[in-house]
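Engineer: Take a look at this one; I'll ask things after.
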Amino acid sequence: MSSNQSQPTAKDCKECKEKNRELDCWNPDRMIETLMRNNDKVEQNWVEKGLPNLVDDILINYEKIGGMDHLEGRDLPSKKVVLEVLDDLLTILFPGYLGDSEITKANIKYHLGTKLTSVYTRLTGEVEKSLKYICRKISECPQDICQKRADVVVKELLERLPEIRSMLSGDIQAAYKGDPAAVSTDEVILSYPCVLAISTYRIAHELYLDGVPLIPRIMSEHMHSLTGIDIHPGAKIGKNFFIDHGTGVVIGETAEIGDNVKLYQGVTLGALSFPKDEKGNIIKGRKRHPTVGNNVVIYSGATLLGAETVIGDNVVIGGNVWITSPVASGTKITIAEPEQKYKMENHTTEKQKP
């Protein structure tokens with residue numbers, strides 16, 4: 001705090017209350033008072049005497065507030081295991097770049113066999129639990145059907161890894177060629193957040209298409225938290241996809257993106273509205289996000305909303321635009337340059353448009 005700003009007074013602090021709880025104003029002159037506050041309420045042996053009462057209160061809260069616990073642990077995938085499997089899949093896709101194992105041409109076959117076996121075993125178990133979670137909500141499943149389906153789903157995912165790598169190779173090349181700051185593809189793989197986000201999307205998308213609940217979102221939202229890039233696993237994304245910078249990009253579940261598309265930070269492909277049924281509940285399962293054609297560039301901060309927003313091929317969309325209707329192929333959209341005003345000591349000047 002600068003010297004010319006006034007310090008909060010005791011009166012100010014007394015007025016800072018929320019449900020009878022006094023808020024600290026962090027006035028250095030009051031720190032001792034703050035540290036001494038409520039010392040008379042210290043309870044001896046609270047762990048032995050007071051904590052059991054707290055346990056009972058929280059158990060009552062569990063019964064009163066439903067939908068926030070899953071105490072039996074039945075038919076629910078482990079988030080920890082799913083994310084460990086995701087890390088291993090990314091290591092398989094980018095051997096030598098990701099993971100902590102020393103991989104060489106001499107040991108790659110052993111390494112790959114061991115890793116794939118482990119992934120297959122663990123992911124099959126988690127997919128089975130996810131499928132049982134759905135079966136339990138709908139009806140009783142025929143015996144072993146979820147286990148058999150899990151075997152098929154995971155086997156097909158692993159068999160598609162070469163195809164996924166081919167798609168990712170195009171994405172990495174798009175990043176390298178599309179960013180003048182990129183020194184090498186090594187740099188792109190090791191440091192660009194879009195590589196992790198798009199790689200995770202391409203894995204999760206396969207599971208989403210196979211009807212696996214929960215796990216695709218666990219993967220995509222984990223990567224969202226790491227990179228700031230939010231790609232729903234249900235979106236359809238073509239070849240050679242590049243997200244430059246990436247922070248704040250949102251791609252909705254029913255969005256469709258063609259080949260050779262480049263997005264900058266802060267781009268949203270979102271829903272315009274949510275139709276509701278007669279009871280006021282949102283109707284799910286409908287197309288509600290934009291469709292983007294081939295060879296499209298969308299600059300930072302652009303917002304495209306709604307299923308009716310269909311962007312043609314070879315379109316350039318400028319920064320901060322708001323689009324809710326179709327755009328013809330070959331169109332370039334920009335916002336008219338605003339007039340800038342500079343406030344000085346005694347007068348205001350306007351910078352005119354060129």
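The values are calculated or read from the model by the stated rules, or taken from the named source; none is laboratory data. Small disclaimer: the values here were computed from a predicted structure and weren't measured. All Cβ positions, glycine included, derive from the backbone under ideal geometry; neighbour counts span all protein chains shown.
Engineer: Tell me the residue from VAL316, VAL310, VAL292, VAL321 that is among the β-branched types (Val, Ile, Thr), more than 20 Å from the chain's Cα centre (by Cα) and farther than 30 Å from ALA182 by Cα, please.
Structural biologist: Working: VAL316 fails: farther than 30 Å from ALA182 by Cα; VAL292 fails: farther than 30 Å from ALA182 by Cα; VAL321 fails: farther than 30 Å from ALA182 by Cα.
Only one candidate qualifies: VAL310.
Engineer: Continuing with this model, one more query. Inside region 322-343, can you point out the residues that are of a type in the set (A, V, I, L, M, F, W, C), out of contact with any Ser or Thr (no Cβ under 7 Å at 6 or more places or on another chain) and within 19 Å of GLN265 (Cα to Cα)? Can you show your working first?
Structural biologist: Residues of region 322-343 that are of a type in the set (A, V, I, L, M, F, W, C), as a first pass: 322-323, 327-328, 333, 335-336.
Okay, now just the ones that are also out of contact with any Ser or Thr (no Cβ under 7 Å at 6 or more places or on another chain), so 327-328, 333, 335-336.
Hits for region 322-343 are ILE333, ILE335.
Engineer: For residues that are out of contact with any Cys (no Cβ under 9 Å at 6 or more places or on another chain) and among the charged types (D, E, K, R), scanning just region 106-136, find the one that is surrounded by the fewest Cβ atoms within 10 Å (Cβ to Cβ).
Structural biologist: The selected residue is LYS109.
Engineer: Right, another one. Could you pull out every one of the helices (runs of 4 or more DSSP H) wholly within region 112-229 that has 3 or more residues that are in contact (Cβ under 8 Å) with a residue 12 or more places away in the chain, under 30 Å from ASP244 (Cα atoms) and of a type in the set (Ser, Thr, Tyr)? It would help to see each step written out before you state the result.
Structural biologist: Working: elements: 145-159, 161-178, 185-191, 193-209, 215-227.
Output list reads 193-209.
Engineer: Which of the helices (runs of 4 or more DSSP H) found entirely inside region 40-103 contain at least 2 residues meeting this: closer than 28 Å to LEU214 by Cα?
Structural biologist: Counting at least 2 such residues, we get 51-64, 79-93.
Engineer: Another one. Answer yes if at least one residue in region 253-276 is surrounded by 14 or more Cβ atoms within 10 Å (Cβ to Cβ) and closer than 26 Å to TYR133 by Cα, and no otherwise. Reasoning before the result, please.
Structural biologist: Residues of region 253-276 that are surrounded by 14 or more Cβ atoms within 10 Å (Cβ to Cβ), as a first pass: 253-272.
Subsequent filtering for residues that are closer than 26 Å to TYR133 by Cα retains 253-254.
Yes: one or more hits.
Engineer: OK, next. Tally the residues that are modelled with pLDDT of 95 or more and assigned to a strand (DSSP E or B), restricting the search to region 268-317.
Structural biologist: Total meeting the criteria: 14.
Engineer: Is at least one residue of region 87-94 hydroxyl-bearing (Ser, Thr, Tyr) and either surrounded by 13 or more Cβ atoms within 10 Å (Cβ to Cβ) or modelled with pLDDT of 90 or more (or both)?
Structural biologist: If we filter region 87-94 for residues that are hydroxyl-bearing (Ser, Thr, Tyr), which is where we start, we get 91.
With either surrounded by 13 or more Cβ atoms within 10 Å (Cβ to Cβ) or modelled with pLDDT of 90 or more (or both) added as a condition, the list becomes 91.
Yes, because at least one residue in region 87-94 is hydroxyl-bearing (Ser, Thr, Tyr) and either surrounded by 13 or more Cβ atoms within 10 Å (Cβ to Cβ) or modelled with pLDDT of 90 or more (or both).
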